[in-house]
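Have a look at the structure below, then the notes.
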Amino acid sequence: MYAVAMPRQYSMLMNASHVIMLFFKSNSGVLKPSCVSSLNPISSIWCVIENIFLAATAKGLACSMRIPVGAEGKNIADVIGAPENYLLPCYIGIGYPADDKPEVEQVQYKVEQKMHFGKW
């Protein structure tokens with residue numbers, strides 16, 4: 001799966017009309033949390049990312065995402081001159097979907113099919 005997904009992530013970003021690089025101000029606890037509240041910055045940025053996807057999709061745009069691996073995020077931050085304590089959680093590619101895009105069928109479920117009591 002990984003061998004298939006990674007090249008697609010790169011090609012989707014390369015072919016996107018626009019690429020958004022979101023940065024957030026990191027406190028010292030984000031990467032080594034001492035308590036739940038030290039994770040607030042990363043929780044907030046992922047809410048922002050979700051809202052970008054929802055807004056773009058509502059406007060008929062397609063989105064792709066790639067999470068930087070290893071030192072990639074730090075290297076990008078250095079190249080674009082981001083302040084020292086800012087982190088890049090992901091890249092977002094946005095553009096109009098291809099005319100020949102595959103159609104994904106939404107599976108409809110009844111609530112009763114998804115409710116579980118006393119088990120996972």
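The values are calculated or read from the model by the stated rules, or taken from the named source; none is laboratory data. If you're wondering where the values come from, they're calculated on a predicted model, not measured in any experiment. Cβ: placed from backbone, ideal geometry, glycine included. Neighbour counts: every protein chain shown.
Counting only residues that are of a type in the set (S, T, N, Q), surrounded by 15 or more Cβ atoms within 10 Å (Cβ to Cβ) and under 21 Å from Cys63 (Cα atoms), how many does segment 1-36 have?
1
Filter segment 80-95 down to the residues that are farther than 27 Å from Ala58 by Cβ and either of a type in the set (Gly, Ala, Ser) or crowded, with 19+ Cβ neighbours inside 10 Å (or both) and list them by number. Let's see the steps before the verdict.
Just the residues of segment 80-95 that are farther than 27 Å from Ala58 by Cβ, to begin with: 80-87.
Within segment 80-95, Gly81, Ala82, Leu87 meet the criteria.
Among the residues of segment 113-120, are any loosely packed, with under 10 Cβ neighbours inside 10 Å, over 25 Å from Phe53 (Cα atoms) and aromatic (Phe, Trp, Tyr)?
Scanning segment 113-120 turns up at least one residue that is loosely packed, with under 10 Cβ neighbours inside 10 Å, over 25 Å from Phe53 (Cα atoms) and aromatic (Phe, Trp, Tyr).
Could you grab me the full set of residues in segment 56-112 that are farther than 18 Å from Pro7 by Cα, assigned to a loop (DSSP other than H, G, I, E, B) and in contact with a helix residue (DSSP H, G or I) (Cβ under 7 Å, 6 or more places away or on another chain)?
Leu88, Pro89
Look through Lys74, Lys101 and report the one residue that is out of contact with any strand residue (DSSP E or B) (no Cβ under 7 Å at 6 or more places or on another chain), among the basic types (Lys, Arg) and surrounded by 11 or more Cβ atoms within 10 Å (Cβ to Cβ). Please lay out each step first, then the result.
On the way: Lys101 fails: surrounded by 11 or more Cβ atoms within 10 Å (Cβ to Cβ).
Criteria check complete, one pass: Lys74.
Checking Ala55 against (1) loosely packed, with under 13 Cβ neighbours inside 10 Å; (2) closer than 16 Å to Met12 by Cα; (3) modelled with pLDDT of 95 or more, only one condition comes out false. Which one?
Condition (2) is where Ala55 drops out.
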